[in-house]
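Working notes, structure below.
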Amino acid sequence: MQSAIKSEWLGETLRVSAPSNIALIKYMGLENAEEKLPANTSLSYTLEHARTLIEVKSACADKVDVPMGSARFLNFVKKLKAELLITESLSITSSNNFPTACGIASSAASFAGLTAALTLWSGKKIEQDMVYFSRLGSGSACRSFYTGFVEWQKYAVKPIALPFNDLRHAVILLDKSPKAISSSTAHKLVATSPLFKARIKNVESRLNELKIAISNKNWQEAGEIIKAEYLEMHALFSSANPSFNYRTSLCVEVERWCCDFVRLHGFGPWVTLDAGPNIHLIFRSNSEKQDFLTEFNNKYGHLEVYQ
Ligand code: PMV
């Protein structure tokens, strides 16, 4: 089992970094909101290059310095300290090497990093109990502890051995501003969609189909399943009551261009969106990524790409 968490002591300060992850089969909707039990199993790929750095040291009073809302972070610090029996006051800083709260799963990296940091601070090893606990900060955080493909079932999180385990990632940044509807709100609202029941019934078989396609190294078929999955999640958003939407007309246009590229060339990225307007691209190799980005820049050179 390969840990994705990195840590080091610099004198009295503990530094921990945790990666983000992108869901290929999305966690969307809750079976139990208090327990943060997901309505379905999800499958992600860990984004080694998109990381949160957490620094912890002793302090006179608890204080946090975070790029996201500090109330949510501080609230989870309290829960973690109680769970890990930490009584001393701590100063905690968190920073990301990628844009925050716009659909690059900064909360996954932040809450995984925070959980890992306080676990190590308390002298414990990072084991399954704390990996699972991290979901109380942000559900997707529990998938950020392992490298490669990671599956989160209701009561367990585990890395999955599949081919294509050295993928490259980029995000077309169409909008870097924090999103108007948080994923916590989205998890609640999707239950009002008339499509939600059918999705929950079918999503586990889509997950199995995806795992089979990847196992068979069928890149194109896997890409089609991943696309159907994000479109379904966004259909839940637009059919919820009240309805909400992250896909701008530019987003739809660029998504279509990316998918056309794959169809025309017979190679190219898996395309997916999180709860945000930015387009995630996943490649098998650096050369596949460069070939795609060269053509992309010819057409959309004015758009920023995070990689
Ligand atoms: O971890 P949360 O509560 O921010 O929810 C994540 C939801 C999605 O990013 C849209 C999908 C996922 O599985 O990561």
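The values are calculated or read from the model by the stated rules, or taken from the named source; none is laboratory data. Owing to the predicted nature of the structure, the values given are computational and were not obtained by experimental measurement. Quick reminder, even Gly has a Cβ in these numbers, built from the backbone with ideal geometry, and neighbours come from all protein chains shown. Side chains included, ligands, DNA and RNA excluded: accessible areas come from the protein's heavy atoms. Shrake-Rupley method; radii C 1.70, N 1.55, O 1.52, S 1.80 Å.
The table below gives the values:
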item	result
Test: residue in segment 240-248 that is at pLDDT 95 or above, open to solvent by less than 40 Å² (accessible area, probe 1.4 Å), of a type in the set (Gly, Ala, Ser) and touching a Ser or Thr at 6+ places or on another chain (Cβ under 8 Å)	yes
Enumeration of residues in segment 246-287 that are among the hydroxyl-bearing types (Ser, Thr, Tyr) and touching a residue at least 60 places away in the same chain (Cβ under 8 Å)	Tyr246, Thr248, Thr272, Ser285
Those strands (runs of 3 or more DSSP E) lying entirely in segment 1-91 with at least 3 residues more than 16 Å from the ligand (Cβ to nearest atom) and open to solvent by 40 Å² or more (accessible area, probe 1.4 Å)	6-10, 42-58
Residue list for segment 115-152, restricted to those being of a type in the set (Val, Ile, Thr) and either without any contact (Cβ under 8 Å) to a residue 12 or more places away in the chain or farther than 22 Å from His169 by Cα (or both)	Thr115, Thr119, Ile126, Val131
Candidate set from segment 105-140 (those that are within 26 Å of His280 (Cβ to Cβ) and of a type in the set (Phe, Trp, Tyr)); member that is nearest to the chain's Cα centre (by Cα)	Phe111
Whichever residue in segment 134-163 is open to solvent by less than 30 Å² (accessible area, probe 1.4 Å) and away from the ligand (no atom under 14 Å from the Cβ) and, among such residues, is nearest to Ser106 (Cα to Cα)	Tyr146
Residue satisfying all of: in segment 173-210; away from the ligand (no atom under 16 Å from the Cβ) and either within 21 Å of Phe283 (Cα to Cα) or polar (S, T, N, Q) (or both); surrounded by the most Cβ atoms within 10 Å (Cβ to Cβ) among these	Leu174
Residue in segment 195-205 that is modelled with pLDDT under 95 and not in a helix (DSSP H, G or I) present	no
Candidate set: segment 252-273, residues that are outside any strand (DSSP E or B) and in contact with a strand residue (DSSP E or B) (Cβ under 7 Å, 6 or more places away or on another chain); chosen: the one surrounded by the most Cβ atoms within 10 Å (Cβ to Cβ)	Pro269
Residue within segment 277-286 that is loosely packed, with under 12 Cβ neighbours inside 10 Å and under 21 Å from Phe149 (Cα atoms) present	yes
So Arg51, is it more than 19 Å from Gly276 (Cα to Cα), basic (Lys, Arg) and within 20 Å of the chain's Cα centre (by Cα)	no
